[in-house]
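S.K.: Below is the structure I would like to discuss, written out as structure tokens.
Taken together, the values in this text are just the output of simple stated rules run on the coordinates, not laboratory data. Only a predicted model underlies this, so the values are computations on that prediction, with no experimental measurement involved. Because the Cβ atoms are built from the backbone with ideal geometry, glycine has one as well, and the counts that use them run over all protein chains shown.
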Amino acid sequence: MLRAAVLVSGGGTNLQAILDAVRSGKITNTEISLVLSNNPGAYALKRAENAGVPHEVLSPDSFPDRASFERALTERMQAENPDLIVLAGFLVKIPAEMIRAFRGRIINIHPSLIPSFCGRGFYGLKVHEAALKRGVKVSGATVHIVDENLDSGPILLQKAVEVKPGDTPEILQRRIMEQAEWVLLPSAIDGIANGRIPYGEAAFAEAE
Ligand code: GRF
């Protein structure tokens, strides 16, 4: 049984897709052992509560400085010791120490086809604004392993989504969520839990 912790900051629609998939059996062999948010007001916490999943807040505001927050986050994860950490809209840069401690075992969903529209400054609506500005006809989402650099780790899954005439960033964001993100993230977790997708050290071996 794969024990997964899901880290969230906001609405938590990706978390909801994961919880629904565990309940419906689209994700098997997996237990969501913890949902953790840096933001006490995140609606994602309510979703965890409704699903009866352990959830907690670790807010940077409760720490004297960034370094102590980062240390506490890393230590909390080490104490939890999940097999997999899923970033589902977690708007915190993962501390290097935590990435080292969980090498190949942290995955993230990014709302574009990496390597397009990713890296520094590309988050939330900005990703879709940039895609529309460039005039791409296809965008999508990517699930990748988190390494030391932003959006640069091995790619696990990608799904393309059509850009349509008249799209606004909001409309495109919604279509990418519905058609790609909410499908891809549960599918990546199920693939990892059932040995179809390599993770940990093996994820890097495969990519090289
Ligand atoms: C999603 O667009 C995801 O790709 C990005 O952050 C957003 C999170 O949305 N990393 P939600 O909180 O899952 O609704």
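S.K.: Which order do the peptides 142-153, 41-52 come out in when sorted by mean C-beta neighbours inside 10 angstrom, highest first?
M.R.: Highest mean packing first, the order is 142-153, 41-52.
S.K.: Next question. Taking the Cα centre of the range 2-202 as origin, work out the dipole magnitude from +1 charges on Lys and Arg Cβ and -1 charges on Asp and Glu Cβ, in debye rounded to 20.
M.R.: Rounded to the nearest 20 debye, it is 480 debye.
S.K.: Of the options 1, 86, 140, report the single residue whose Cα projects farthest towards the positive end of the charge dipole of the chain (beta-carbon charges: Lys, Arg +1; Asp, Glu -1).
M.R.: Toward the positive end, the furthest listed residue is 140.
S.K.: Then there is this: Return the FRET efficiency for the residue pair residue 78, residue 136: r is the Cβ-Cβ distance, R0 is 35 Å, and the value is rounded to the nearest 0.05.
M.R.: 0.30
S.K.: Okay, moving on. Within the chain, what percent of beta bridges assigned by DSSP are antiparallel, to the nearest 5?
M.R.: In the chain, DSSP labels about 40 percent of beta bridges as antiparallel.
S.K.: Sticking with this structure for a sec: Among 74-82, 106-114, 16-24, how do they line up from the highest to the lowest mean number of other beta-carbon atoms within 10 Å?
M.R.: Put in order of decreasing packing, that is 106-114, 16-24, 74-82.
S.K.: Now for a separate question. Report, in cubic angstrom per residue, the convex hull volume of the C-alpha atoms of the range 1-154.
M.R.: Expressed per residue, the convex hull around the Cα atoms of the range 1-154 is 119 Å³.
S.K.: Roughly how many nanometres apart are two label points built 7 Å out from the Cα toward the Cβ at residue 97 and residue 59?
M.R.: According to this spin-label approximation, the distance is 2.3 nm.
S.K.: Students often forget the sequence filter, so: which lysines lie under 27 Å Cα-Cα from residue 93 once same-chain residues fewer than 8 apart are removed?
M.R.: Counting by Cα, and skipping residues close in sequence, residue 93 has these lysines nearby: 46, 126, 133, 159.
S.K.: Given points 7 Å out from each Cα along the Cα-Cβ axis, report the residue 126 to residue 170 separation in nanometres with one decimal.
M.R.: 2.1
S.K.: Moving on. Let me check against my output: what whole-number percent is the relative contact order of the range 2-202, with C-alpha pairs under 8 Å and at least 6 apart?
M.R.: This gives 22 percent for the range 2-202.
S.K.: Quick one: P(r) of the range 85-208 from all Cα-Cα pairs, 10 Å bins, percents rounded to integers, in order of increasing distance.
M.R.: Result returned by the calculation: 13, 46, 31, 10, 0.
S.K.: Also, I was wondering about something else. Sort the range 151-208 into rounded, prolate or oblate with this rule: let a ≥ b ≥ c be the square roots of the eigenvalues of the Cα gyration tensor; rounded if a/c is under 1.5, and if a/c is not under 1.5, prolate when a/b is larger than b/c, oblate otherwise.
M.R.: Judged from the Cα gyration tensor, the range 151-208 comes out prolate (a/c at least 1.5, a/b above b/c).
S.K.: Please list, ordered by chain and number, the residues whose modelled amide H lies under 5 Å from the amide H of residue 30; skip anything fewer than 5 residues away on the same chain.
M.R.: Amide H neighbours of residue 30: 2.
S.K.: With unit charges on the beta carbon (Lys/Arg positive, Asp/Glu negative), name the residue among 77, 130, 42 whose Cα is farthest towards the positive pole of the charge dipole of the range 2-202.
M.R.: 130
S.K.: Same structure again: Once amide H atoms are placed 1.01 Å from N in the peptide plane, what residues at a sequence separation of 5 or more from residue 152, or on another chain, have their amide H within under 5 Å of its amide H?
M.R.: 147
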